[in-house]
Each structure stands twice: as C-alpha cells, then as structure tokens.
Amino acid sequence: MPYGTKLYIPYLKGKFGNTDGIVTVTDTGGYTTDFDIFLDADSDSSAETKWGNPRFLDVYVLEWGSKSVAWSFTQAVEFCKDYYGLSKFHTSWLEYIKYGGCTINCWKWKDDDKTFNQNTWYQEL
C-alpha cells in the first residue's frame, strides 16, 4: 500500500500512547515487509513484548496515501536472494508462510504475491 495511508486500528485506541487508533503507514519493516507499526520509542522488540508478534487485527483504511507504494514480499525476496542470500531472513519468511503467505491481502497496487509459492526460490525459504 502507498506510504502515507491512514489506518484505523481499533485495538490500538487508548493503548501505547495512541489516543484515537489512527496510524499512518511510513514503514514496511525492511526486507521482510512485515508492516511495522511504530509503537515504542525504544525499538520494535519492545513493541513486540507489549502486544505480541504476530498479531491479527481489524484494520480499516481511512485514506489512501499518495506517496510511493511499498514493495511486495516477492520483491523483498528477489532483492535479498541476490544481495544477502535467502538464509538471512529465514525465520521471518517462515512466519510469513506459516500465517498464510501475506501480511495484508491488498492487491490494488501489486499482485505478485498471489503466486508467491510458485517462485523457483520458494522451497529455499
């Protein structure tokens, strides 16, 4: 989804210093495209300790962003396999596969993750 997208996540309302449950997409979590939501001034690890990882929550799009579109998981793997090697993010990719092969089913801008498990490198993850 595009950066700058405004989301309403009911679970967050009144938690972790978030008063209204509204967040803006500014990060996709780096090379594993895990849709990070910044919840802790210290680190992602501190945020995970507070509310667990992974979480499956209701999320509502209030307004689509107008900035660049975050890369797909397929694009992240394609980059990493040549730059870092597939083993670098093995644990993250196994989590991705375990939880249905997607972080968000949002095919409006990119749909290459629909065939994620048909790529030649899939079995190496």
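Coordinate-derived values only; no laboratory data. Nothing here was measured: the structure is a model prediction, and the numbers come from that model. A quick note on method: Cβ atoms are made from the backbone with ideal geometry, for glycine too, and the neighbour counts reach across all protein chains shown.
Which pairs break 30 Å Cα to Cα here: 13/88; 81/108; 13/108? In this structure, 13/88 exceed 30 Å between Cα atoms. Peptide packing for 115-124, 6-15, 67-76 was compared via the average number of neighbouring C-beta atoms within 10 Å per residue; ordered from the highest value, the list is 67-76, 6-15, 115-124.
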